[in-house]
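Engineer: Pasting a structure below so you can have a look.
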Amino acid sequence: MKLLSIETTTSVGSIAIVENFKVLNEIVFMSEDIAGCLVDKTKSIVDNSKIELEEIDFFVISRGPGSWTGIRTGLSFVKGLTLGKNEKIYVVSVPDSIFFLLKNFKKNFLCVINAYRGNFYISEYKGKFYFKSPFPIKTASTKEVLDILKKGNYIPVGPGLELLLNLERKKLFKFPLYPLASYNAFLAYEKIKKGIKSIRPIPYYGR
């Protein structure tokens, strides 16, 4: 099974081609204009991998939360690549992707994502990964996030960490701060194998 995965939810974009559970090629790039990079970067990785888009079984994309512009751009771009065939699109969320990578650690993690205007999206992981439904996401203020970290014995992960004050930076280096296209593809691959249908290809609307 070949997957083309595109990650556009933060300023760190990535595109990966994965076959089964093996990364054939992946590029990571930083840009405030992820949308402006997608066409050239995708063409480059497909050409360098010597495959045709027709060989791709599923196109994987994240619905967020994260950069509103990046998420909408990524979803629209993937819909264009599939020529409107939504059944070839597999959608994941940022917390699920990061938690999937960390699931063997059997620890409590708190995924923190910038929600702007002094708020964060957060999602809690309590030592067990659930494939069938996305992990719940809620919005919290900076103070609320720090209180949860202090009281809940969580290890913080996710792309919003650098915006939080007074965190012990030494804890952050062992775990991913940003989602990657390959993480998303690995999660999608496992869900597809288990017969779990994709969530709808629409952006995450934070509440």
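Engineer: What about residue 137, is it touching a helix residue (DSSP H, G or I) at 6+ places or on another chain (Cβ under 8 Å), modelled with pLDDT of 95 or more and outside the structural domain of residue 35 (by TED's automatic domain parsing)?
Structural biologist: yes
Engineer: In addition: Would you mind listing the strands (runs of 3 or more DSSP E) fully within segment 1-116 where at least 3 residues are among the polar types (S, T, N, Q) and crowded, with 17+ Cβ neighbours inside 10 Å?
Structural biologist: Where strands (runs of 3 or more DSSP E) fall fully within segment 1-116, none carries at least 3 residues being among the polar types (S, T, N, Q) and crowded, with 17+ Cβ neighbours inside 10 Å.
Engineer: Are any of the residues in segment 79-86 charged (D, E, K, R) and closer than 22 Å to residue 14 by Cβ?
Structural biologist: yes
Engineer: Now, a different point. Return the total of residues in segment 117-140 being in a loop (DSSP other than H, G, I, E, B) and either surrounded by 12 or more Cβ atoms within 10 Å (Cβ to Cβ) or not hydroxyl-bearing (Ser, Thr, Tyr) (or both). Walk me through it before giving the result.
Structural biologist: Pass one, segment 117-140, residues in a loop (DSSP other than H, G, I, E, B): 117-118, 127-137.
Still in the list and also either surrounded by 12 or more Cβ atoms within 10 Å (Cβ to Cβ) or not hydroxyl-bearing (Ser, Thr, Tyr) (or both): 117-118, 127-129, 131-132, 134-137.
Count: 11.
Engineer: Considering only residues that are under 18 Å from residue 156 (Cα atoms) and exposed (fewer than 12 other Cβ atoms within 10 Å of the Cβ), look in segment 168-207 and name the one that is modelled with the lowest pLDDT.
Structural biologist: Per the criteria, the residue is 173.
Engineer: I'm told residue 41 meets every condition in (1) assigned by TED's automatic domain parsing to the domain that holds residue 183; (2) touching a residue at least 40 places away in the same chain (Cβ under 8 Å); (3) not hydroxyl-bearing (Ser, Thr, Tyr) except one. Can you identify the failing condition by its number?
Structural biologist: With respect to (1) assigned by TED's automatic domain parsing to the domain that holds residue 183; (2) touching a residue at least 40 places away in the same chain (Cβ under 8 Å); (3) not hydroxyl-bearing (Ser, Thr, Tyr), residue 41 is out only on (2).
The values are calculated or read from the model by the stated rules, or taken from the named source; none is laboratory data. Every value quoted in this text rests on a predicted model; they were computed, and no experiment measured them. Cβ coordinates were reconstructed from backbone atoms using ideal geometry, including for glycine residues, and neighbour counts include every protein chain displayed.
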